[in-house]
Amino acid sequence: MAVTENNQDHPDAEEKYQPGRFLTRPFAFIGKAVIGWINVLGTATVFLFTALWKTFRPKQFPKVIAQIYYIGASSTTIILLVSLFTGMVLGLQSYHALIKFGAVGGLGALVSLSLIRELGPVLTAIMITARAGSAITAEIGIQRISEQVDALHTMRIDPFRYLISPRIIAAIISFPLLTAVFDFVGIIGGYISGVALLGLNAGVYSHSIQSNVDMKDLTDGFIKAIVFAVIVATVCCYQGYFVHMRKDSHGAKAVGLATTSAVVTSCVLILVSDYVVTSLLLI
Amino acid sequence: MNAIPLIEFKNITKRFGSQTVLQNVNLQIYEGQVTTIIGLSGSGKSVLLKHIIGLLKPDEGTILFRGKPMAEMKKSEMAASLAQISYMFQGNALFDSLNIYDNIALPLMETTNLKRAEITRRVMARIEQTELTEATYKFPSELSGGMQKRAALARALITDPRIVLFDEPTTGQDPVRKNAILSMIAQYQRKFNFTAIMVSHEIPDVYFISNRILALYDKTIVFQGTPEELGNFDHPFNDEVIHSLEGLQKELTGLYSQRKFKILNHGQLKRGETGEDYCIVVFTLSALDAVISGLGHDAAQEIIHAMGLYIDKHFGAIGGFSTRRKSNEFVTVLPFSNIVEADSIMNDFVRDFQEQGISDIRKESQKLASSDKCVDFAIRAGIAEGQPTDEMDSIIDLAKSQQKEIGRLQCAAKE
């Protein structure tokens, strides 16, 4: 057939008209995607360890302090608000559920263990991602597209040392501290709704906490907070630092997409890693 | 040139995906000179420059630094080589969250163990040299384009580099500021004696400050030599690049390029017959360096620009054509005038210039003067008559030898 003959002259013809290709295409697509993810995972791991390695260089301390202020101290207000209302609603819902079983005396334990083991680390990480993580991606991304990162190279200032390391270290320090604040204020929120508004005895509430919360619960919560800190800081810095490598867009649009991507990826990874870490800690 | 080049490219090829940007590029850059790489936008000039500083690596070929391949250097050797190089980006790449002081201080703060007082002393000295005192604690977004360029230049020079790379330093500037920035680069190059490597398409302005020109065309270097040699270079690059950029220059300033000027002169003289005289007038702005140091680069370039426009307006109307021959020198050909007629035309010019021209130039320069210093300078002119058979350069030299003062701007300082 003339058409077939003509097509065979074309360099892509053989690939284009290969019979049964529609059957293999989904596998090729999945394979390509998996290879892509593995590549990203590998690059991000190298990215993280390079940044951590470069933490122990001179003149890093002031930069870490500045980032602790930005990621940690500046996020305190939003953490206070979210934790207070999370504790209050948790106290309210749990009170009405427990009262059906005559177990309202366990309200303090339920609220505090929920917060310390799960809600505290997870919600703190998500709130910091939304507030500081997105800003980190946007800031580094803009520095990348406006050649400020290249300028650091030309001035012989290592961008990893100057931009990435302080942020990752600051996140590792800030996340557990803010998680502790979240846990404490959340428990007070539970007290307000359970004791002050619904009339539970204050002694019962606090005794329930004292007798049910172990040191392991606290350390497990902080371990999660550190894991989330590493994930959030790495994902957000990585997305900003490699914004110029994006294939879907360029310039300001790429920064916007990288920011969205950083927040979504961080939130998903927080929840996935939460399950994995919880499983490991419960073994 | 027999000396070992400071930087040498040997058969450099660079590809981005399937697109080849540089193909078998060979070039030499020598120490202590101003070397300018010219070419059309998107021709790979910045890519070439980024290979020198190590921001990009070639796919093929070798880059030699003082005769040694960079790829074979040890890490410490490479770091020592790159430490001699500074880079001024096309878009300045100033840190927008840092003020000008912090931007300039950044390389010293991060890469040296100098005490804060010493860093402050050095930074303030550079700020003063680049006329940025008023902008010291302002952020880049609060400054004009020209001031941002100066801040980027101050940052590039703060580590006292031996080599400075300028990636299109005049982008986005008006003609006066473009020349002011080029003049500033030339002045600092003389003052600090660094090797300047510049990417630009400001033709012919870059000729005034460049020792060597490299022409990038069709992915490779097609010319290396002096600006004068480029005038005699017979290649499609001349038609497609030089002519188009020179045409733009004529639109902006009214003055012809030196090459176009020579062609016009040749054409006019060919039409004339032996024995038919023509005249050349040479104008010189005296003490340009004193004007620059007293009033700043912007004001000095505004004076030169206004002077060029005034000359073109006056002599262009009677069939004359002019060019800027040096940074402070203009040459005008009066093709249909003998010395008597030229003298009469010149007398009219001098009268108009003293009545109106000087005050116009003073007004323009005052707008851009950076200080209240009082700077006097003179404008000199000389006429010489020649015949079609004479060498133009010899007539120009004769005109220069007969120069006398036609105007003086007294205390052209900021009011």
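Overview of results
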item: Index of the failed condition, B:Asn24 passing every other in (1) more than 21 Å from the chain's Cα centre (by Cα); (2) within 30 Å of B:Ser141 (Cα to Cα); (3) polar (S, T, N, Q); result: (2)
item: Scope the range B:48-94; condition more than 11 Å from chain A (Cβ to nearest Cβ), in a strand (DSSP E or B) and of a type in the set (A, V, I, L, M); matching residues; result: B:Ile63, B:Leu64
item: Residue among A:Ser165, A:Ser174 that alone is under 24 Å from A:Asp274 (Cβ atoms) and touching a residue at least 60 places away in the same chain (Cβ under 8 Å); result: A:Ser174
item: Single unsatisfied condition, B:Ile4 versus (1) crowded, with 20+ Cβ neighbours inside 10 Å; (2) in contact with a Gly (Cβ under 7 Å, 6 or more places away or on another chain); (3) at pLDDT below 90; result: (1)
item: Residue in the range A:187-195 that is hydrophobic (A, V, I, L, M, F, W, C), in contact (Cβ under 8 Å) with a residue 40 or more places away in the chain, in contact with a Leu (Cβ under 7 Å, 6 or more places away or on another chain) and within 13 Å of chain B (Cβ to nearest Cβ) present; result: no
item: Test result for B:Met109, within 12 Å of chain A (Cβ to nearest Cβ) and within 26 Å of the chain's Cα centre (by Cα); result: no
item: Condition met for B:Thr136 (within 14 Å of chain A (Cβ to nearest Cβ) and of a type in the set (S, T, N, Q)); result: no
item: Some residue of the range B:96-116 being more than 25 Å from A:Ile140 (Cβ to Cβ), assigned by TED's automatic domain parsing to the domain that holds B:Ile53, assigned to a helix (DSSP H, G or I) and free of Cβ contacts under 8 Å to residues at least 40 places away in the same chain; result: yes
item: Helices (runs of 4 or more DSSP H) contained in the range A:110-157 and holding at least 1 residues within 14 Å of chain B (Cβ to nearest Cβ); result: A:134-145, A:148-154
item: Residue in the range A:158-178 that is surrounded by the most Cβ atoms within 10 Å (Cβ to Cβ), counting only those that are of a type in the set (Phe, Trp, Tyr) and away from chain B (no Cβ under 12 Å); result: A:Phe175
item: Within the range A:49-77, considering residues that are within 14 Å of chain B (Cβ to nearest Cβ) and over 18 Å from A:Ile136 (Cα atoms), the one surrounded by the most Cβ atoms within 10 Å (Cβ to Cβ); result: A:Lys54
item: Meets criteria (surrounded by fewer than 20 Cβ atoms within 10 Å (Cβ to Cβ), among the aliphatic types (A, V, I, L, M) and either farther than 28 Å from B:His51 by Cβ or not assigned by TED's automatic domain parsing to the domain that holds B:Asn92 (or both)) for B:Leu132; result: no
item: Residue check, B:Arg122 among the basic types (Lys, Arg) and within 14 Å of chain A (Cβ to nearest Cβ); result: no
item: Residue that is nearest to the chain's Cα centre (by Cα), among those in the range B:135-175 that are surrounded by fewer than 17 Cβ atoms within 10 Å (Cβ to Cβ) and more than 30 Å from B:Leu40 (Cα to Cα); result: B:Asp160
item: Of all residues in the range B:176-228 being under 13 Å from the mean Cα position of the chain (by Cα) and in a strand (DSSP E or B), the one that is modelled with the lowest pLDDT; result: B:Ser200
item: Residue within the range B:334-348 that is assigned to a strand (DSSP E or B) and crowded, with 20+ Cβ neighbours inside 10 Å present; result: yes
item: The range A:222-250: number of residues that are in a helix (DSSP H, G or I), in contact with a helix residue (DSSP H, G or I) (Cβ under 6 Å, 6 or more places away or on another chain) and surrounded by fewer than 16 Cβ atoms within 10 Å (Cβ to Cβ); result: 0
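The values are calculated or read from the model by the stated rules, or taken from the named source; none is laboratory data. Not measured: the values here are computed from a predicted model. Note that each Cβ is placed from the backbone with ideal geometry, even for glycine, and that neighbours are counted across all protein chains shown.
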